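Written out below as structure tokens is the structure these notes cover.
The values are calculated or read from the model by the stated rules, or taken from the named source; none is laboratory data. Everything quoted here is computed from the prediction, not taken from an experiment. No Cβ is skipped: glycine too gets one built from the backbone with ideal geometry, and neighbour counts run over all protein chains shown.
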Amino acid sequence: MLARRELDAQEALVCTMVLVAAADGRMSDREIGVMSGLVQTLPVFHTFSSEQLQSATGMAAELLGQEDGLAQAARLIRAALGDRLRETAYALACEVIAADHAVGQTALQMLDFVRTELHLDPLVAAALERGVRARYQTA
């Protein structure tokens, strides 16, 4: 990843999920499971293999380990995604956050960072957040 100057759309979506999952310094098994499930079921990933998921996750983690990695990741993600897929990226980020039942302030700050960096309309972001919140309600 160090030498890469761009991501494809699917890699950018995975990188977005990794950003929010790793916000607290670790990725839980639950978050990894949600990411894997999303990649296996969503149409945007229909040509993306589990091997590519592992590779993209590793590249994202490597990028985040670099000095200035978060800013680089944001730039690469933004460059790889058009408006519609930026909404998808934010929805995926919300799914990963919701999967971790103990959502901390750091994760919420990362979600806000992602929303800001993707230049999402606040109303669109709120609607995406509300949809995910509704999916994760318990009885």
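Annotation note: Cβ proximity below 9 Å between a residue of region 112-139 that is over 19 Å from residue 19 (Cα atoms) and a residue that is among the aromatic types (Phe, Trp, Tyr) and surrounded by 12 or more Cβ atoms within 10 Å (Cβ to Cβ) (sequence gap 6+ or interchain) occurs for 124/90. Looking across region 56-105 at every residue that is in a helix (DSSP H, G or I) and of a type in the set (S, T, N, Q), the one that is nearest to residue 118 (Cα to Cα) is identified as 88. Before we move on, is residue 42 under 22 Å from residue 128 (Cβ atoms), surrounded by 13 or more Cβ atoms within 10 Å (Cβ to Cβ), out of contact with any helix residue (DSSP H, G or I) (no Cβ under 7 Å at 6 or more places or on another chain) and modelled with pLDDT under 90? Against the criterion (under 22 Å from residue 128 (Cβ atoms), surrounded by 13 or more Cβ atoms within 10 Å (Cβ to Cβ), out of contact with any helix residue (DSSP H, G or I) (no Cβ under 7 Å at 6 or more places or on another chain) and modelled with pLDDT under 90), residue 42 does not qualify. Among the residues making up region 30-55, those that are within 25 Å of residue 112 (Cβ to Cβ) and charged (D, E, K, R) are 30, 31. A count restricted to region 6-33 and to residues that are part of a helix (DSSP H, G or I) and within 11 Å of the chain's Cα centre (by Cα) stands at 13.
Reported count of residues in region 106-139, each being surrounded by fewer than 19 Cβ atoms within 10 Å (Cβ to Cβ) and not in a helix (DSSP H, G or I), is 7. Screening residue 67 against (1) within 16 Å of residue 132 (Cα to Cα); (2) without any contact (Cβ under 8 Å) to a residue 40 or more places away in the chain; (3) not aromatic (Phe, Trp, Tyr) leaves a single unmet condition, (1). Listed conditions (1) more than 28 Å from residue 122 (Cβ to Cβ); (2) under 11 Å from the mean Cα position of the chain (by Cα); (3) among the aliphatic types (A, V, I, L, M) are all met by residue 56, apart from (2).
Kindly check whether there is at least one residue in region 120-134 that is under 16 Å from residue 13 (Cβ atoms), of a type in the set (Lys, Arg) and either out of contact with any Ser or Thr (no Cβ under 6 Å at 6 or more places or on another chain) or at pLDDT 95 or above (or both). No, there is no match, as no residue in region 120-134 is under 16 Å from residue 13 (Cβ atoms), of a type in the set (Lys, Arg) and either out of contact with any Ser or Thr (no Cβ under 6 Å at 6 or more places or on another chain) or at pLDDT 95 or above (or both).
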